[in-house]
Amino acid sequence: MKTSRLAAACLAATLAAGSTWAAAPMSRGEYLYKLSGCENCHSDREHDGARLAGGRKLATPLGVFYTPNITPDKETGIGRWSEADFMRALREGKSPSGYHYYPSFPYTSYTRLSDADMRALWGYLRTVPAVRQANEAHELPWYLRFRPLLMFWKWLYFDAGAYQPVAAKSAEWNRGAYLVQGAGHCSECHTPRNRLGGYRKGYTLAGTATGPEGTVVPNITPDRQFGIGKWKRSELVQYLESGIRSDGDCAGSLMAEIIDNGLKYLPAGDLQAIATYVADVPAVANPVHKAKKATKPKDDSGY
């Protein structure tokens, strides 16, 4: 999202002065589409790219990835995929032909979706306009271009399977956990990674200075010094639906896109559930500082 658009969104929300956003009726598939951030990653808005036609550049410490075309085009998109192919991609991180996807595609989170939600999301994606646009090759160091090695990465860091409710927790907490861990894929940005691209143990949602596209991603654990432990639950809900903090500051960079194109469409109950869950994750005292700009380390198309 460009700065001018963010400023306009913040101004509009400020002028609304406390009014509660009311979501228009959405299908289950459209709801999941917005929450999952499909449009944010798969649309190259910076270069006026077509919706979901791919080509967005994602710079990471491991290399540069270009998101693929996920429109129903049969030649360059996913028009030849079956529902089972789609579910396998989300649940197992594998293509229809069986090769492993890079975890730049957040299947490590999407795997937590239920079968019903995966089917609903697939149904919605089938309704978007097909766009013929070939995928761009990734820019990766030579040692990451051999996809079979991803099998070992998965063995180390990937736990496939739908979210399983925690019996000792409330329904609201479990709903929040499902949204944060699954479609919301919050850990993909907010949890720091090790040199192999796996999550650092004990640092869930603790922020990182080497986030996607070189962004600094804040600590959102309940730590009172470095996280959001001093935020009220209502302040977190307000931020998620409007992008405005209690001090008047606004969300920026990738988070502004996530809110503007996704989170603001969630019903109040789901936003409250997210706040309830995040407030209950282990607090981690992890200060996040600006890191040095990552260097650019090409691979076949797709994730």
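The values are calculated or read from the model by the stated rules, or taken from the named source; none is laboratory data. These numbers come from a predicted model, not from an experiment. FYI the Cβ positions are ideal-geometry reconstructions off the backbone, even for glycines, and counts take in every protein chain you see. The protein model used for the area step is the full one, side chains on, heavy atoms only, and it has no ligands, DNA or RNA in it. Shrake-Rupley method; radii C 1.70, N 1.55, O 1.52, S 1.80 Å.
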Given the Cα-Cα distance of Ala137 and Gln225 and 0.36 nm per residue of separation, how much length would full extension add, in nm? 27.5 nm
Residues with beta-carbon under 10 Å from that of Leu266, excluding Leu266: net charge, scoring Lys, Arg +1 and Asp, Glu -1? 0
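Roughly how many Å² is the accessible area per residue of the stretch 138-227, as a whole number, for a 1.4 Å probe? Numbers along the way, then the final one.
Details: 4970 Å² over 90 residues.
Here the residues of the stretch 138-227 average 55 Å² of exposed surface.
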Taking N as the residue count of the stretch 40-161, its alpha carbon Rg divided by 2.2 N^0.38 Å gives 1.05
Give the Rg (one decimal place) followed by the Dmax (whole number) of the stretch 126-202, computed from C-alpha coordinates and expressed in Å. 17.3, 49
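Using only the heavy atoms of the protein chains and a 1.4 Å probe, how would Trp173, Trp142 rank by accessible area, largest first? Show your work: numbers first, answer last.
Values: Trp173 30, Trp142 195 Å².
Highest to lowest solvent-accessible surface, that is Trp142, Trp173.
When the helices in the chain are scored as -39500 (n - 2.57) per DSSP H run of 4 or longer and the sum is shared across all residues, what 222 nm value do you end up with, to the nearest 500 deg cm²/dmol?
Values: 12 runs with 106 residues, N = 303.
Helix contribution divided over all residues of the chain: -10000 deg cm²/dmol.
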Arg233 accessible area, 1.4 Å probe, all protein chains in place, Å² to nearest 10: 100
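Given 10 °C and 1.306 mPa s, compute D for the chain with the Stokes-Einstein relation, Rh being the Kirkwood radius over Cα pairs; round to the nearest whole µm²/s. Numbers along the way, then the final one.
Working: Rh = 19.9 Å.
Translational diffusion coefficient: 80 µm²/s.
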Accessible surface of Asp44 - all protein chains present, 1.4 Å probe, nearest 10 Å²: 30
First compute the accessible area of the stretch 57-107 with a 1.4 Å probe, then give the percent of it belonging to carbon and sulfur atoms. 53
Semi-axes of the stretch 187-227 from the Cα gyration tensor (sqrt of 5 times each eigenvalue, largest first, whole Å) come to 17, 12, 7
Starting from the 7 Å offset along Cα-to-Cβ, what nm value, one decimal, do you get for the label separation of Ser234 and Leu196? 4.7
To the nearest 10 square angstrom, what accessible area does Glu46 show with a 1.4 Å probe? 140
Where the accessible area of the stretch 155-303 is counted over protein heavy atoms with a 1.4 Å probe, how much of it, in %, is carbon and sulfur? 54
In whole angstrom, how far apart do the alpha carbon centroids of the stretch 109-159 and the stretch 63-100 sit? 6
Under the rule rounded for a/c under 1.5, else prolate if a/b exceeds b/c, else oblate, using alpha carbon gyration tensor axes a ≥ b ≥ c, the stretch 212-276 is classed as oblate
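Which net charge results for the neighbourhood of Lys94, defined as the other residues with beta-carbon distances under 11 angstrom from its beta-carbon, given Lys and Arg at +1 and Asp and Glu at -1? Working shown, then result.
Working: positive: Arg88, Arg91, Arg147, Lys154; negative: Asp85, Glu92.
For residues surrounding Lys94, the net value is +2.
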